[in-house]
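Single-structure report; data block below.
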């Protein structure tokens, strides 16, 4: 391979890597009914928690590289909780999730406010902990509580916008 061909091959790889990073990779959980664009392949985990209202199932998708962190959490709420839930109850679910997240990373909640972006409405938070500042959104849809956190302020809006509820999943509160 000549010097020019090597240069073009390397340049092509750099350009493609840049495009992949800018566009990201759409990743999904069919079980929890969502997809999101992340800058790389995510690691995932699934957990269950027993609560007084029944079992809460949680699915977490995480990606970290170069000091950037992206987290998406889908939480299937116990049916018994949803049957009698009011809007106030759902707000308490969001608040409880944020409180648990903050405690889980030994962090501090520095900001919390309501938001609506046309697609979802919920709570937007800033959490300091574990040596980082995380910007997050927590919202409810179709009997699930979703949470998205990132360290990236410049990319946060695109990260939030990339989130989609998959077809066939009920859109709810």
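Taking every alpha-carbon pair within the range 20-173, the share separated by more than 29 Å comes to 11 percent.
Using 1/(1 + (r/R0)^6) with R0 = 35 angstrom and r between the beta carbons of residue 86 and residue 111, what's the FRET efficiency to the nearest 0.05? Provide the component values of the computation, followed by the final result.
Values: r = 26 Å, r/R0 = 0.74.
For R0 = 35 Å, the calculated efficiency reads 0.85.
Values in this text are rule-based calculations from the coordinates and carry no lab data. These numbers come from a predicted model, not from an experiment. So basically every Cβ, Gly included, is an ideal-geometry build from the backbone, and we count neighbours across all protein chains shown.
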